[in-house]
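> Here you go, one structure.
Please treat every number below as a calculation from the coordinates, not as lab data. Note that the structure is predicted; figures quoted are calculated from it, not measured. We place every Cβ from the backbone using ideal geometry, glycine too, and count neighbours over all the protein chains shown.
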Amino acid sequence: MDIDKDFYTQLKTVPIYERINNQYTKRFLTALEIGEIKHFISIEDSTPEDIIDLLDTLLKGYGVESISAQIVYIDDFGCIADGYKPALLYVNMGDTYDLTALYDTREDLLRCGSWGNWVETNEETTIDGPAVVESIQTVKRG
């Protein structure tokens with residue numbers, strides 16, 4: 001898994017809202033928490049799913065969610081088949097355009113951004129767009 005060069009810098013700016021004495025306060029990740037994330041990522045057994053789960057816990061998110069993309073592949077019988085698989089895992093921070101941690105499964109990349117912007121950028125490849133047609137044509141030629 002690759003990590004975007006600005007990941008840790010941007011992660012420090014994700015607001016965390018905690019309820020203390022019936023009031024919500026805003027804070028950011030501490031250096032100790034960032035260190036914990038770096039250490040966890042460096043462990044060989046850490047999967048992207050484990051890392052996103054840890055980020056959800058530390059960021060006090062609303063859970064890990066995914067966005068699926070249509071894929072085209074050749075099945076065990078040599079036939080062209082299609083299906084869906086997660087293209088993006090992200091920590092739900094409450095709003096479509098809130099800064100959050102994203103893991104793009106197709107690029108094997110961990111970065112920060114909003115899942116709303118990711119969808120707008122990848123819209124054609126996440127729904128029935130040209131990337132799916134391109135994949136079918138590539139499979140047929142091979």
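> For a quick protection proxy, order the peptides 59-65, 40-46, 1-7 by their average other-Cβ count within 10 Å, most packed first.
With the highest mean Cβ count within 10 Å placed first, the list reads 59-65, 1-7, 40-46.
> I want to verify a result. In a Gaussian network model of the chain, Cα cutoff 10 Å, which of these has the top mean-square fluctuation: ASP53, ASP75, ASP104?
Evaluated over the chain, the most mobile residue of the options is ASP75.
> Could you calculate the contour length gain from TYR17 to ASP82, that is, 0.36 nm times the residue separation minus the distance between their Cα atoms, to one decimal place in nm?
Length gained between TYR17 and ASP82: 19.3 nm.
> Count the lysine pairs in the chain that are 8 or more places apart or on different chains: how many have C-alpha atoms under 19 angstrom apart?
Pairs that pass both the separation and distance tests number 6.
> Taking each pair of distinct Cα atoms in the range 5-45 once, what is the resulting Kirkwood hydrodynamic radius in Å?
When all Cα pairs of the range 5-45 are included, the Kirkwood radius is 11.7 Å.
> If amide H atoms are built 1.01 Å from N in the plane of the peptide, which residues on other chains or at least 5 residues away come under 5 Å of the amide H of ILE3?
LEU110
> While we're looking at this one, here's another question. Quick check: pseudo-label points 7 Å beyond the Cα along Cα→Cβ at LYS38 and ASN117, how many nm apart are they?
Using points 7 Å along Cα→Cβ, the separation is 2.4 nm.
> Mind pulling the per residue volume of the convex hull built on the Cα atoms of the range 2-141? Å³ is fine.
132 Å³
> Note down the magnitude of the dipole of the range 2-141 about its Cα centre, charges +1 on Lys and Arg C-beta and -1 on Asp and Glu C-beta and zero elsewhere, to the nearest 20 debye.
For the range 2-141, the charge dipole is close to 480 debye.
> Cα axis of helix 48-59 to longest principal axis of the chain: angle in degrees, 0 to 90, nearest 10?
30 degrees
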